[in-house]
Amino acid sequence: MPTISVYFSESEYNLVSQHVKSKRLTISQYIKTILLEEIEDEYDVSIVNEYLQEKDSMKFLPFEEAIKEWNIK
């Protein structure tokens, strides 16, 4: 498993450490969670932007037709 090092000054470390302890996580767990959430947020924004650019040319099915097409009961 790859490892990433992050260097903090003493004061930064103390601040981060106190904050993370209040969340009952390790610093590593917290950084990983925050990074993955940010990536997910950026992806969500990109999907919304793509929809906004394409929505006028999209074909939408009425609910009843979608149920039939997707074989939903």
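Every number in this text was worked out from the coordinates using simple rules, so none of it is lab data. If you're wondering where the values come from, they're calculated on a predicted model, not measured in any experiment. For neighbour counting, all protein chains shown are included, and Cβ atoms are generated from backbone atoms with ideal geometry for every residue, glycine included.
Taking each residue of the stretch 10-21 that is on the phi < 0 side of the Ramachandran plot and of a type outside the set (F, W, Y) and looking for partners that are part of a helix (DSSP H, G or I) and surrounded by 11 or more Cβ atoms within 10 Å (Cβ to Cβ) with beta-carbon atoms closer than 7 Å, six or more apart or interchain, yields V16/I27; S17/I27; V20/I27; V20/Y30.
The lone criterion from (1) within 17 Å of the chain's Cα centre (by Cα); (2) exposed (fewer than 12 other Cβ atoms within 10 Å of the Cβ) left unmet by N14 is number (1). Kindly indicate whether any position in the stretch 46-54 is part of a helix (DSSP H, G or I), surrounded by 10 or more Cβ atoms within 10 Å (Cβ to Cβ), in contact with a helix residue (DSSP H, G or I) (Cβ under 7 Å, 6 or more places away or on another chain) and not aromatic (F, W, Y). Checking the stretch 46-54: not a single residue is part of a helix (DSSP H, G or I), surrounded by 10 or more Cβ atoms within 10 Å (Cβ to Cβ), in contact with a helix residue (DSSP H, G or I) (Cβ under 7 Å, 6 or more places away or on another chain) and not aromatic (F, W, Y).
Quick check on the stretch 24-39: of everything there that is of a type outside the set (A, V, I, L, M) and surrounded by 10 or more Cβ atoms within 10 Å (Cβ to Cβ), which residue is nearest to F8 (Cα to Cα)?
S28
Looking at V6, is it outside any loop (DSSP other than H, G, I, E, B) and aliphatic (A, V, I, L, M)? No, not satisfied.
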